[in-house]
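The values are calculated or read from the model by the stated rules, or taken from the named source; none is laboratory data. Note that the structure is a prediction, hence the values are computed from the model and not measured. Here Cβ is always computed from backbone atoms with ideal geometry, including for glycine, and neighbour counts include all displayed protein chains. Accessible surface is based on the protein model in full, side chains and every heavy atom, while ligands, DNA and RNA are left aside. Shrake-Rupley method; radii C 1.70, N 1.55, O 1.52, S 1.80 Å.
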Amino acid sequence: MKILLFGGFGLLGNDIYSFLTECGHSVFRFQKNELNLLDISLVREMINEINPEIIINSAGYTNVNGAELNYKDAIDGNVKSLHLLVEVISKLDIPLIYFSTDYIFDGVKNIPYVENDFPNPLNFYGWTKFMAEQVIQANLEQFYIIRTAWLFGNNGNCFPKTIITMLKNKQKIRVVSDQIGSPTYTMDIARMIPNIFKMPFGIYHLSNKGEVSWYHYSKLIAKYGGFSTDLIEPIKSEENASVPKRPSYSVLDSSKIVKCASSEIRGFEEALKEFMLILV
Ligand SMILES: NC(=O)c1ccc[n+]([C@@H]2O[C@H](COP(=O)([O-])OP(=O)(O)OC[C@H]3O[C@@H](n4cnc5c(N)ncnc54)[C@H](OP(=O)(O)O)[C@@H]3O)[C@@H](O)[C@H]2O)c1
């Protein structure tokens with residue numbers, strides 16, 4: 001299959017690129033300085049030239065803290081860029097896979113979120129991703145919105161890497177224990193993509209199974225990395241008042257995608273163990 005991948009050098013995009021290429025697909029990716037989604041004429045030209053069968057957009061403004069300070073960058077990166085892309089592909093017969101986030105939810109639920117739960121983002125990043133979802137739903141018929149969460153992987157910054165660096169430096173680590181989510185391995189999302197191509201269009205949740213607080217997640221990272229957990233200490237979210245609000249519970253229920261893709265997704269602990277073997 002001929003695939004155009006935006007964000008193909010990012011944390012998630014890199015694994016999607018490697019996996020789909022290994023599967024024999026012909027995947028085109030570009031650095032942001034070669035093909036910026038905000039440069040609509042070049043984007044249109046490249047889409048016409050490549051003539052992809054599907055477009056995957058893993059690009060975006062992903063700095064949750066930064067978004068509160070840089071509204072324009074967050075809007076440009078997550079909403080305007082997507083609006084421009086959608087304008088081009090709405091006139092063509094090309095489906096879009098787009099990645100959204102658990103941070104569109106407010107966390108008041110205490111059981112996993114399903115696709116039609118009411119979104120109510122608590123921070124500006126979450127709002128921009130929710131707006132992006134609206135742009136897609138209002139203008140495209142052939143789309144997959146894949147909401148995922150708490151990504152870790154080899155090709156960029158992620159929580160396990162930060163924790164391991166701090167453990168190696170023997171730093172004290174204070175981590176919130178009152179925010180619960182589902183850590184998700186980028187390779188496991190990448191492995192699911194060929195099945196996504198065969199599913200009905202729509203919104204899907206996709207994360208590794210299981211749930212954990214950032215604090216317990218840090219302890220698991222230390223454990224599987226072969227470090228002591230003594231330096232890790234729990235704190236409450238209000239002790240970290242300088243960062244934007246995040247949902248206290250944002251676990252995603254992935255049963256719809258598991259059913260539609262006819263493919264299981266494993267627990268995050270098994271995925272984390274595998275990742276730590278690569279990382280440490
Ligand atoms: N990371 C998570 O925990 C998480 C959780 C839930 C959902 N998601 C979603 O999953 C997707 C992938 O996340 P990620 O963590 O892989 O992000 P990432 O590592 O920040 O990668 C995003 C990539 O997009 C590129 N990019 C940004 N703006 C662009 C533009 N205007 N034109 C072309 N390329 C552009 C970036 O290039 P530069 O680096 O050069 O700026 C970067 O390579 C995002 O949509 C994110 O919202 C992520």
key: Residue satisfying all of: in the stretch 17-37; closer than 24 Å to residue 73 by Cβ and open to solvent by less than 70 Å² (accessible area, probe 1.4 Å); farthest from the ligand (Cβ to nearest atom) among these   = 29
key: Filtered residues of the stretch 186-202 (kept if within 12 Å of the chain's Cα centre (by Cα), within 20 Å of residue 113 (Cα to Cα) and open to solvent by 10 Å² or more (accessible area, probe 1.4 Å))   = 188
task = Evaluate the following for residue 270: is it open to solvent by 80 Å² or more (accessible area, probe 1.4 Å) and under 23 Å from residue 147 (Cα atoms)?
result = yes
task = Give the residue, chosen from 141, 115, 53, that is at pLDDT 95 or above, more than 12 Å from the ligand (Cβ to nearest atom), out of contact with any strand residue (DSSP E or B) (no Cβ under 6 Å at 6 or more places or on another chain) and within 24 Å of residue 16 (Cα to Cα).
result = 141
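In this structure, does residue 72 turn out to be more than 9 Å from the ligand (Cβ to nearest atom) and either under 22 Å from residue 203 (Cα atoms) or not in a loop (DSSP other than H, G, I, E, B) (or both)?
Yes.
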ask   = Scanning for something in contact with a Pro (Cβ under 6 Å, 6 or more places away or on another chain) and either at pLDDT below 95 or not aliphatic (A, V, I, L, M) (or both), does the stretch 165-182 turn up at least one residue?
value = yes
task = Of the conditions (1) in a loop (DSSP other than H, G, I, E, B); (2) open to solvent by 70 Å² or more (accessible area, probe 1.4 Å); (3) more than 12 Å from the ligand (Cβ to nearest atom), residue 62 clears all except one; give me its number.
result = (3)
inquiry  = I need the full set of residues from the stretch 1-16 which are more than 9 Å from the ligand (Cβ to nearest atom) and in a loop (DSSP other than H, G, I, E, B), in order please.
reply    = 1
ask   = Residue check, residue 88 against (1) more than 12 Å from the ligand (Cβ to nearest atom); (2) open to solvent by 30 Å² or more (accessible area, probe 1.4 Å), all met but one. Which one?
value = (2)
task = Count, please, the residues in the stretch 148-182 that happen to be out of contact with any helix residue (DSSP H, G or I) (no Cβ under 8 Å at 6 or more places or on another chain), assigned to a helix (DSSP H, G or I) and either open to solvent by less than 30 Å² (accessible area, probe 1.4 Å) or within 16 Å of the ligand (Cβ to nearest atom) (or both).
result = 1
ask   = Any residue in the stretch 119-129 that is in a loop (DSSP other than H, G, I, E, B) and among the β-branched types (Val, Ile, Thr)?
value = no
